[in-house]
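Below is one structure; the comments refer to it alone.
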Amino acid sequence: MSNQDYVAKVEELLRHVALVIMHRGREHLGDFNITPPQFSALLTLIDAGEITMGELCGKLYLACSTVTDLIDRMEKNGYVERFRDSKDRRVIRLRVLPAGFAVYENVLKTRKAYLASILTNLEQREKDQLITSLQQLYSLMKPEE
C-alpha cells in the first residue's frame, strides 16, 4: 500500500468511526429538546469555557446571526446564559448552566455505552494498542496552547 493510499484509508476510517459515535449520541438529543447544531455549540462552550458570542461564532464557523438564534433557544431551555464581562461591561459572555451540563453528560453516557458494547469484541491487548495509537495520533495533531 502506498503512503497516499495509507493516508486515505486512515482518514476514511477515522471519519467513519467519528460519525458513527456522533450519530449514536445524537439519537437521544430529541429527549433533551436540543438540536444537533445546538449540541455542537454546547460542546464548544464546555470545551472553551466562558467565551463571547464572537468567539463562539469563530469556533463554530457560523454566522453570528445563526449562532445568536442557537443561543437564544438554548437560553430559553435553560442550557446556557449570557452575562456581562466583569472587566468590560460592554462584552457579553456565555456560560453553560447545570441543565446544559446534564444534557452533555447524558449524551456522552449514551456514546460511551455504545462504544463499550463494541469494545467488548476486542482483546485487552487490542484495546491497549488502540488507546496507544490514538494517543500518539492526537499528540501529533493537537493544537499548541
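The values are calculated or read from the model by the stated rules, or taken from the named source; none is laboratory data. Everything quoted here is computed from the prediction, not taken from an experiment. Here the Cβ positions follow ideal geometry from the backbone for every residue, glycine too, while neighbour counts run over all protein chains shown.
Annotation: GLY54 fulfils all but one of (1) at pLDDT below 95; (2) crowded, with 16+ Cβ neighbours inside 10 Å; the unmet one is (2). Selection of the stretch 101-145 for residues being in contact (Cβ under 8 Å) with a residue 60 or more places away in the chain and either farther than 20 Å from ARG26 by Cα or among the β-branched types (Val, Ile, Thr) (or both) yields VAL103, VAL107, THR110.
Within the set of pairs 6 or more residues apart or between chains, which connect a residue that is β-branched (Val, Ile, Thr) inside the stretch 50-65 to a residue that is surrounded by 13 or more Cβ atoms within 10 Å (Cβ to Cβ) and part of a loop (DSSP other than H, G, I, E, B) with Cβ atoms less than 7 Å apart? These pairs meet every condition: THR52/VAL91.
When you scan the stretch 106-120, do you find a residue that is more than 24 Å from ARG15 (Cα to Cα) and either touching a Cys at 6+ places or on another chain (Cβ under 8 Å) or of a type outside the set (D, E, K, R) (or both), even just one? No, that holds for no residue. Return the residues of the stretch 70-91 that are at pLDDT 95 or above and charged (D, E, K, R); say none if nothing qualifies. Answer for the stretch 70-91, where residues must be at pLDDT 95 or above and charged (D, E, K, R): ASP72, ARG73, GLU75, LYS76, GLU81, ARG82.
Within the stretch 97-141, being exposed (fewer than 10 other Cβ atoms within 10 Å of the Cβ) and aromatic (Phe, Trp, Tyr) holds for one residue alone: TYR138. Scoring LEU94 on the criteria (1) modelled with pLDDT under 95; (2) surrounded by 10 or more Cβ atoms within 10 Å (Cβ to Cβ); (3) not in a helix (DSSP H, G or I) leaves a single failure, condition (1).
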